[in-house]
1. Pairs, please: C-beta under 7 Å, at least 6 apart or cross-chain, first residue in contact (Cβ under 8 Å) with a residue 12 or more places away in the chain and in the range A:42-65, second surrounded by fewer than 16 Cβ atoms within 10 Å (Cβ to Cβ) and in a helix (DSSP H, G or I)?
2. State which residue pairs qualify: first residue more than 9 Å from chain B (Cβ to nearest Cβ) and basic (Lys, Arg) and inside the range A:75-89, second residue assigned to a loop (DSSP other than H, G, I, E, B) and open to solvent by 10 Å² or more (accessible area, probe 1.4 Å) in any location, beta carbons under 9 Å apart, and separation of 6 or more residues or different chains.
3. Got at least one residue in the range B:3-12 being more than 13 Å from DNA strand D (Cβ to nearest atom), modelled with pLDDT under 90 and under 23 Å from B:ARG89 (Cα atoms)?
4. So, in the range A:101-133, of the ones that are assigned to a loop (DSSP other than H, G, I, E, B) and closer than 24 Å to B:ARG89 by Cα, which residue ends up farthest from the other protein chains (Cβ to nearest Cβ)?
5. I'd like the residue in the range A:62-74 that is facing chain B (nearest Cβ under 7 Å) and buried (at least 19 other Cβ atoms within 10 Å of the Cβ) and, out of all such residues, is nearest to A:PRO32 (Cα to Cα).
6. State whether one or more residues within the range A:80-91 are open to solvent by less than 30 Å² (accessible area, probe 1.4 Å), within 26 Å of B:GLU106 (Cα to Cα) and among the hydrophobic types (A, V, I, L, M, F, W, C).
7. Out of A:TYR38, A:TYR54, report the one residue that is among the aromatic types (Phe, Trp, Tyr), near DNA strand D (Cβ under 10 Å from one of its atoms) and closer than 24 Å to B:PHE120 by Cβ.
Number of protein chains: 2
Amino acid sequence: MGGFALRHKRPIRMTPQRTTILEAVRQIHGHPTADEVYERVRRVLPRVSLGTVYRNLEILAQEGMIQKIESGASQKRYDGNPSAHHHLRCLRCGRLEDAPLKRPLEAMEALAETQGYEVFGFLLEFVGICPACLGGEDSGGNGRRSN
Amino acid sequence: MGGFALRHKRPIRMTPQRTTILEAVRQIHGHPTADEVYERVRRVLPRVSLGTVYRNLEILAQEGMIQKIESGASQKRYDGNPSAHHHLRCLRCGRLEDAPLKRPLEAMEALAETQGYEVFGFLLEFVGICPACLGGEDSGGNGRRSN
DNA sequence: ATAACTGCAAATCATTTGCAGGGGC
DNA sequence: GCCCCTGCAAATGATTTGCAGTTAT
C-alpha cells in the first residue's frame, strides 16, 4: 500500500542518478526519508541535487519499484519493498518498522509481544476513485493527483 | 484512530474561539481542512487568526474531542467524530469519506458496492511507542510528539 | 535527434512559533 | 491574579517547480 500508480506510461530512462537512488532506497534499513536517501546517494554521486532525489523517488514509486509512505507524519518515507505490508510507527522518535500483515486487532496484540511496542491504535485509510470522479471525465489525462 | 493523546493534562479553557472551532468541525460535513474550519469560524468571529485555529484543532484532538486525520495527503483533515472509524479517500479529488469499520479486505469489496468507489488499496499503520523509547526516559515531559 | 533527465535556485504552502497584550477561571 | 489564550507576523521545513543545459535511447 503506498504506490497507487495511475500514471500513463512514459518511457523511463535508467540514468545513473535514478539507478543509484533506487539502490539507496533498497539498501537503507528501515524506511528512509528523502533526505536520508539524498545523503546516501551523495556518497556515490556527490553532485546530485535534492530535487532530483525527490523527482526520482516519486517516479520510482509510480513505477511500482518502491513504495512511498505518506501516512501519519510530516516527512514522507520510502520503502524498497514494493509488495503489500504494513507499518508500525513510534509516536516519540518517529521510527517506522514493518508490521506483519494480519487483521488489525489481532495484529495490535501480536505487535506488543513480537516487537516490544506499546501500541495505541492504527490508521486505516482506503484509497480509490469516488463516484463523482468516475462519472465525470474518464481515466485519461493527469494521473498525478491528490496528496 | 487519529488522536493518540499522550499529553499531560493541563487545564483547558473554553474560550469563544475554542468553542466556535469545535462547533465548526462538528458542523462541516465531510472532513474539513484547517482552512475550511478557519473560513467557517470567521463568519462568527471575524477576527480569529489561522494560527489560533491550528492551535485549537491540535488541542481539541489531544483532548480526544475531535480526530486529526494525517494519512495520505499533504493537508491534514479533522473529524468531529472522535470514535473509531476509518476513511475512504479519492485519489483524484481528495474527497474523504467515512468507511465502515470491517476487516480491510472485506471492506474493500463492500466499499465499491456501497459507496460506488473504485478502491485500489488501503493504508494501514499502527501507532505506538517503540521499545527503545519505552526503555529510555519514562512517559514524562513533552507529550507533543511525532509528525 | 529528441524527449527525458539533471543541477541549481527560487517558489510553494501547510503548519508552527515568538511575542506582547487580553481575558477566563 | 495567574496563566492560559489570542492575534499578528515572521519563521520553518518538506516538497515542488522553472529554467537552461545534458544525456540516455
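1. Between residues of the range A:42-65 that are in contact (Cβ under 8 Å) with a residue 12 or more places away in the chain and residues that are surrounded by fewer than 16 Cβ atoms within 10 Å (Cβ to Cβ) and in a helix (DSSP H, G or I), the close pairs are A:LEU45/A:PRO16.
2. Here the result reads A:LYS76/A:GLU70; A:LYS76/A:ASN147; A:ARG77/A:GLY30; A:ARG77/A:HIS31; A:ARG77/A:GLU70, each pair linking the range A:75-89 to a residue that is assigned to a loop (DSSP other than H, G, I, E, B) and open to solvent by 10 Å² or more (accessible area, probe 1.4 Å).
3. Yes, some residue in the range B:3-12 is more than 13 Å from DNA strand D (Cβ to nearest atom), modelled with pLDDT under 90 and under 23 Å from B:ARG89 (Cα atoms).
4. A:LYS102
5. Out of the qualifying residues, it is A:GLU70.
6. Yes, the range A:80-91 contains a residue that is open to solvent by less than 30 Å² (accessible area, probe 1.4 Å), within 26 Å of B:GLU106 (Cα to Cα) and among the hydrophobic types (A, V, I, L, M, F, W, C).
7. The conditions single out A:TYR54.
Yes or no, residue by residue, for (1) in the same structural domain as B:GLY121 (by TED's automatic domain parsing); (2) part of a loop (DSSP other than H, G, I, E, B); (3) over 30 Å from B:ALA110 (Cβ atoms):
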| site | (1), (2), (3) |
| --- | --- |
| B:THR20 | no, no, yes |
| B:VAL25 | no, no, no |
| B:ARG55 | no, no, yes |
| B:MET65 | no, yes, no |
| B:CYS93 | yes, yes, no |
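The values are calculated or read from the model by the stated rules, or taken from the named source; none is laboratory data. Treat the numbers as computed from the prediction; the structure is a model and nothing was measured. Here Cβ is always computed from backbone atoms with ideal geometry, including for glycine, and neighbour counts include all displayed protein chains. Keep in mind that these areas ignore ligands, DNA and RNA; they rest on the heavy atoms of the full protein, side chains included. Shrake-Rupley method; radii C 1.70, N 1.55, O 1.52, S 1.80 Å.
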